[in-house]
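The values are calculated or read from the model by the stated rules, or taken from the named source; none is laboratory data. What you see is a predicted model; the values in this text were computed from it and never measured. Here the Cβ positions follow ideal geometry from the backbone for every residue, glycine too, while neighbour counts run over all protein chains shown. Ligands, DNA and RNA are stripped out before the accessible areas are found, and what is left, the full protein with its side chains, is counted by its heavy atoms. Shrake-Rupley method; radii C 1.70, N 1.55, O 1.52, S 1.80 Å.
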Amino acid sequence: MSEEASASLYRHALLTGRETKMPLEVSFLFGGISTEYDGSVISLTNIVSSYLALHRTERPFSVRNLYHVSRNDGLVRRIAFHSAFTIGDLQAYLSDITTLSGRTLLETFGSVISRGEYVVNLLHGQFGEDGGAQTLAALLGLSGTFGDPHVASLTMNKYAMSSFVSSLFPNDEVRIPKTVLLTARNVDDWRKLASSIQGPIVIKPNSLGSSLFAELFREPARSEAEIDTLLRTIFTYDNSALIQEFIPGEEYTCGCIIRSSEVIPLPVVRIDADRQFCSRDQKYPGNLSEKSVVNLNSAASKSLQSAANVITSSIALYNMVRFDFRVTHDSQIWFLECNYIPSLGEDSSFVKMLNHYGMTVVELIPWIATNSAPLVKTDHYVNYESL
């Protein structure tokens with residue numbers, strides 16, 4: 001059965017009630033204290049807009065609450081979702097968050113657990129995607145899409161994740177660009193450390209997403225002052241930065257949705273940017289990049305889906321994930337990075353590949369709740385005397 005046919009059957013089963021034994025209730029956690037706050041709001045806005053556009057009888061789940069983490073004070077404010085809720089209500093709230101009192105994330109998680117809510121985590125970036133919120137959720141036993149904190153921490157660390165991926169493949173199958181890791185201790189020596197990288201380089205943060213502060217320098221020797229300034233800026237928001245070999249070629253991204261027993265690679269999307277490099281400015285509406293779905297039967301599509309499948313199957317990823325690659329003119333695949341909580345905005349690459357697969361962003365939520373394995377908190381205490 002094709003991927004499209006499988007998704008179509010799932011949709012029919014979901015809407016006719018055969019996929020779930022009881023109506024699913026969902027709450028969303030969004031916003032955050034990271035530099036990716038806007039991306040989180042965009043994800044939630046698209047989900048809510050798409051949900052409200054459906055007739056009530058066609059909605060595959062009900063929404064209980066929206067939990068907004070303020071980037072101003074870090075406190076969480078609950079927005080009760082009701083039958084007459086509109087996207088205008090959400091926008092009005094976000095324009096004036098001072099109307100509600102806030103609570104800490106720990107206090108909020110405690111109240112969420114007492115109400116038995118299932119929470120979809122849409123916190124992108126630091127603390128929401130890097131293992132911080134996942135650790136709290138795991139310790140408290142919160143039900144939702146948080147997953148393993150150790151895995152979240154690994155995927156957010158571009159340098160560590162690349163090292164992990166390099167161990168999974170022969171060098172001629174999937175390669176990793178030559179990379180230098182900079183910290184506050186060695187940033188002053190970046191020229192010496194990067195001397196082994198010949199040709200154009202990419203400077204980017206090690207742990208920020210959405211291509212924040214990522215820049216291509218085709219002639220590094222002529223841009224030393226600019227590079228030095230950029231590195232100082234990065235260290236304002238991240239503890240480490242990367243100097244990476246630039247790989248000429250085409251940029252691709254491939255996402256996966258993850259059942260408890262299998263990984264389903266989604267259609268591959270090619271990203272065409274004006275400088276053969278996709279920076280932050282080219283990832284949002286009105287940008288200069290174009291995103292197109294690759295033919296499922298093409299060699300590039302099959303190779304990238306296979307690579308995405310191998311990576312996802314080799315680590316305890318939950319729910320969904322997206323990987324970025326570059327492919328050279330001789331069809332060599334280069335791994336760039338992992339996005340554990342990909343953007344679900346209307347114009348995002350993940351939503352494009354999800355729609356081409358045959359699933360909407362609204363249908364993704366109950367699919368995850370129904371099919372993804374829950375994180376099982378293991379007993380870390382070992383009683384040696386009983387062994």
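Numbers for the structure displayed
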quantity: Pick from segment 199-223, criterion touching a strand residue (DSSP E or B) at 6+ places or on another chain (Cβ under 8 Å) and among the charged types (D, E, K, R), ranking: surrounded by the fewest Cβ atoms within 10 Å (Cβ to Cβ); calculated: GLU215
quantity: Those residues of segment 84-129 which are within 16 Å of the chain's Cα centre (by Cα) and either open to solvent by 50 Å² or more (accessible area, probe 1.4 Å) or among the small types (Gly, Ala, Ser) (or both), in sequence order; calculated: GLY125, GLN126, PHE127, GLY128
quantity: Close pairs from segment 300-320: first buried (at least 16 other Cβ atoms within 10 Å of the Cβ), partner of a type in the set (Gly, Ala, Ser), Cβ under 6 Å, at least 6 apart; calculated: TYR318/GLY147; TYR318/SER372; ASN319/SER372
quantity: One residue from THR179, THR145, THR135, THR155 being among the hydroxyl-bearing types (Ser, Thr, Tyr), under 16 Å from the mean Cα position of the chain (by Cα) and more than 13 Å from PHE28 (Cα to Cα); calculated: THR155
quantity: Meets criteria (part of a loop (DSSP other than H, G, I, E, B), modelled with pLDDT under 90 and among the small types (Gly, Ala, Ser)) for GLY345; calculated: no
quantity: Failed item, numbered, when GLU25 is tested on (1) open to solvent by less than 30 Å² (accessible area, probe 1.4 Å); (2) closer than 21 Å to ILE258 by Cα; (3) at pLDDT below 95; calculated: (1)
quantity: 2 or more residues more than 30 Å from LEU75 (Cβ to Cβ): qualifying helices (runs of 4 or more DSSP H) within segment 122-241; calculated: 158-166, 190-193, 224-237
quantity: Answer residue from segment 362-377, given it is in a helix (DSSP H, G or I) and of a type in the set (Val, Ile, Thr) and is farthest from PHE350 (Cα to Cα) among those; calculated: THR370
quantity: Among (1) closer than 30 Å to ALA316 by Cα; (2) surrounded by 20 or more Cβ atoms within 10 Å (Cβ to Cβ) - the single one ARG77 does not satisfy; calculated: (1)
quantity: Neighbours by Cβ (under 7 Å, 6+ apart or cross-chain): first from segment 367-387, farther than 12 Å from GLY147 by Cβ; second open to solvent by 70 Å² or more (accessible area, probe 1.4 Å) and at pLDDT 75 or above; calculated: ASN371/SER260
quantity: Residue within segment 235-251 that is open to solvent by 20 Å² or more (accessible area, probe 1.4 Å), aliphatic (A, V, I, L, M) and out of contact with any helix residue (DSSP H, G or I) (no Cβ under 6 Å at 6 or more places or on another chain) present; calculated: no
